[in-house]
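Asks: Input: one structure, supplied below.
Any read-out appearing in this document is the output of simple, stated calculations on the displayed coordinates, not a laboratory observation. Worth saying up front: this structure is predicted, and the values here are computed from it rather than measured. When we count neighbours, we look across all protein chains shown, and the Cβ atoms used for this are built from the backbone with ideal geometry, even at glycine.
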Amino acid sequence: MDAIAIRASPAFAITTRRSLSLSRNQNQFTYITSRGNANSRNSQNLLKVEGLGSRNDVAFDESAYEAERLRLDAEARESMADASEREAADEADAKAWKWAIRKRVWDLMEAQNIAQFPRPVHHRIPNFVGASAAANKLSGLDVFRGAKCVKVNPDSPQKQVRFMLRYMGAIDGSTPVVTSVHDQQLVDDIPVEKLLIHDVPVDIICTPTQVIFTNTSIPKPQGIYWDKLSPEKLGQIRILRELKSKIELETGQKLPCGPSEKLPPSARRGRSPYK
């Protein structure tokens, strides 16, 4: 599989052979790099920034882009705080245990002053001191340099995109999943037995000081788990509704749906960064 999936910096990543990296909502752009493979090193490298378009006849409004990015960051952080309060308080919630670990790592990053702007890092995917060094280590990986396609995305906003890529056969269990984090974000006390079916294991972790090959035995999600998608979640994601209808029409069978849930408001569309 000539592809690699890169996770945005999460709140924590475990370092055992059962490694998994977990992160939460963060509205960022998705970058896909089309690269020459290992047998065509001289191929032209192309960069496509999804969401920005590829027009050369318009000027990029950096101030508007930055203002919109900060607005979306604040909105995502508020949504994440709401989710934290709701899920952490419910002992029956299967995701409740994650918040204690996230808070511990967020507190540590702030206390040791290894967090970078935007701060505080609580309830957001943290930026960290040494992020560039970790990125440089990532860029030297053979799986990165030899990949034809590199998909970079935060966790929750594109979770359904990953499911659809798996369903379409664009990625499979052999597609490397890589993340970059600070060394202090590494933990080894995650209760693996509590991981959910849609939690994604990470194959390689890049920090400012090291590259960790997890050799994880945790299986990657196999596709779209329709029984986990609530009516509210389907209501927010049009492409999933269309795919569900298409499959039901082709198979003549009604797909299952998950239980109803309360969701944070979806991000509003802002004005284009192009003038």
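Asks: Go ahead and collect, in residue order, the members of the stretch 174-190 whose backbone nitrogen is under 17 Å from a label point 7 Å along the Cα-Cβ direction of Ser217.
Replies: So the set is 190.
Asks: How do Cys149, Cys206, Cys257 rank when sorted from fewest to most other Cβ atoms within 10 Å of their own Cβ?
Replies: Fewest-to-most ranking of Cys149, Cys206, Cys257: Cys257, Cys149, Cys206.
Asks: Arrange the peptides 221-232, 189-200 so that the one whose residues have, on average, the most other Cβ atoms within 10 Å appears first.
Replies: Ranked by mean Cβ neighbours within 10 Å, highest first: 221-232, 189-200.
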